[in-house]
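Contents: one structure, followed by commentary.
Just so you know, all these numbers are worked out from the coordinates, no wet-lab data involved. From a predicted model like this one, the values you see are computed outputs, not experimental measurements. Here the Cβ is made from the backbone with ideal geometry for all residues, glycine too, and neighbour counts use every protein chain on show.
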Amino acid sequence: MKNEKKSESDLMEKIISLCKRRGFIFAGSEIYGGLANAWDFGPLGVELKNNIKKSWWNYFVHQRSDMYGIDAAILMNPKTWEASGHLKGFSDALVECKNCHERFRADMLEKDKEEKYICPSCGKKEFTDAKQFNLMLKTFLGPAEDESHVVYFRPETAQAMFVDFKQVMSSMSPKIPFGIAQIGKSFRNEITPGNFIFRTREFEQMEIEYFISKNSWQDQFEYWLGELKKWMKSIGLDESKIFYYEVPESDRAHYSKRTVDIEFEFPFGRKELYGLAYRGDFDLSSHQKSSGQSMEYFDEKTGEKFIPHVIEPSLGVERTALAILSSAYKEEKLEKDTRVYLDLNINLAPYKAAVFPLMANKPELVNKAKEIYSKIKSAKVAPIAFDDSGNVGKRYRRQDEIGTPYCFTVDFQTLEDGTVTVRDRNTMKQERIASDSIPDFINQKMEF
Ligand code: ATP
């Protein structure tokens, strides 16, 4: 993978600015000058993020009968990381530019014709020798700060699915093939975080370990690739920006016979969005060896006992949010100016709809709009925005920018016949519908 240059792309700047202006994502602890590459999701960002997670959980857990969810502790027994190989091998090669002293991941640097690394900051080509830098974040558990109290913030959610394998087997008695799924925070002391929320040191993952018999791995791999494609389509990721990179043997983990990186054309270049890997029986075998506990599965039909093999679809929540935002950001030239809108799928949109009075200075319209807004809320259709500030044109623009698919406006005709106008975010077309039918109108558009 090549160096992720700090983005100066126009689109990226526009997305970052919209995210801050409209309360999606802003710098963490900003009043103290922030903390490098820490980002907070604001009132609209948390809705988007939760909707992504909800959609994933719904598709991969609730809609299936062979998937078991867990929510494991972030801090795990350190023996986990010994067995998984993370303590020894979860490292990147770090080099330092001898001129400007910036540090980089060696595998992300561009090289010249003579295969010499080029410093992306100062352009010089003199670097220190590569040192292996472990990416796990360490802390101490309990009051003593010594080696025996060291624990690690998990660098992936995946290991909990292997460590909890026996518990899920004995409590749920699943039949192979089956999967264990989890969404949660992971931590990596990345050498070069950056590009907004693309690479951070604290992030969320949505991961599945799907346990199979060895001889079915090729078919299962294709199947999971297909499932990922279907889910990416369902959340509205721009298909023309998605690429499938077959990771060559030399770059794969030694136990993986096939790995596909799902890449996305971000505004700063084509980068990994997700990973899909066949991990053989490496993890369960390692944990069996280290813990002394059997990780075998007993097949009642054949009478066979074996350690299952595994297919791992591994997805990042923040990278999904960034890919969604860059897919959805649209500018449309109008007669007088340019309109910005987020073409978000209704399931992902922070607000499903907004309700306005046509004029903010007419109490009868404001009261009626508030009444309709409350009725929609009590029909459990949420979240819905109410806005009576500024003029109606400005309100439409504000809702366009945050991706609200429908705006319902209460006008004088509403007072007579109970109908409201509904304006479609993408087409800006308006029609009239009965205000009582708004909850049904919204529910019909929702997919989950
Ligand atoms: P990269 O090569 O970009 O460092 P990786 O191959 O190490 O990524 P995996 O270990 O396969 O990543 O992690 C699975 C997924 O978790 C990634 O595809 C990505 O969506 C997400 N992810 C990994 N590291 C980060 C990070 N530092 N910040 C945000 N998301 C991340």
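Given their separation in residues at 0.36 nm each and the Cα-Cα distance between them, K394 and R64 gain 114.4 nm when the chain is fully extended. Give the shape of region 100-253 as rounded, prolate or oblate, defined through the alpha-carbon gyration tensor: a ≥ b ≥ c are the square roots of its eigenvalues, a/c under 1.5 means rounded, and otherwise the shape is prolate if a/b is larger than b/c and oblate if not. Because a/c hits 1.5 or more and a/b fails to exceed b/c, region 100-253 counts as oblate. Within the chain, the cysteines lacking any other cysteine Cβ closer than 4.7 Å to their own Cβ are C19, C407.
For region 178-241, the fraction of alpha-carbon pairs lying more than 15 Å apart is 69 percent, rounded to a whole number. In region 313-385, taking the dipole from charged Cβ atoms about the Cα centre, the farthest positive-side position among L325, A353, A369 is held by A369.
Within region 280-326, the trypsin sites (Lys or Arg not before Pro) that combine a DSSP coil assignment with at most 15 other C-beta atoms in a 10 angstrom radius are K301. Its residue count N fixes a reference of 2.2 N^0.38 Å for the chain, and the Cα radius of gyration divided by that reference is 1.13.
Just add up the charged neighbours of D337: K/R +1, D/E -1, any other residue whose Cβ is under 11 Å from the Cβ of D337. Local charge sum for D337: +1.
Between H254 and F26, the modelled labels are 5.0 nm apart [label points 7 Å from Cα along Cα→Cβ]. Magnitude of the charge dipole for region 226-295, about its Cα centre and with charges confined to Cβ atoms of Lys, Arg (+1) and Asp, Glu (-1), is about 160 debye. Would you please calculate the Kirkwood hydrodynamic radius of region 236-304 over all C-alpha pairs and express it in Å, rounded to one decimal? Roughly 15.0 Å, rounded to one decimal. Extending 7 Å from Cα along the Cβ direction at S17 and again at E126 yields two label points whose distance is 4.0 nm. With each label modelled as a point 7 angstrom along the Cα→C-beta vector, the S173-A38 pair spans 4.8 nm. In a reduced charge model with +1 at each Lys and Arg Cβ and -1 at each Asp and Glu Cβ, region 1-160 shows a dipole moment near 440 debye about its Cα centre. With a ≥ b ≥ c taken as the square roots of the eigenvalues of the C-alpha gyration tensor of region 384-448, please select rounded if a/c is under 1.5 and otherwise prolate if a/b is larger than b/c or oblate if it is not? Verdict is oblate for region 384-448. Compute the helix-to-body angle for 317-328: its Cα long axis versus the longest principal axis of the chain, expressed 0 to 90° and rounded to tens. The helix 317-328 is inclined about 40 degrees to the chain.
As a proxy for reagent exposure, V310, V150 were ordered by neighbouring Cβ count within 10 angstrom, fewest first; the result is V150, V310. Computed over the Cα atoms of region 293-385, pair by distinct pair, the Kirkwood hydrodynamic radius stands at 18.9 angstrom. Taking the Cα centre of the chain as origin and assigning +1 to Lys and Arg Cβ atoms and -1 to Asp and Glu Cβ atoms, the resulting dipole is close to 680 debye.
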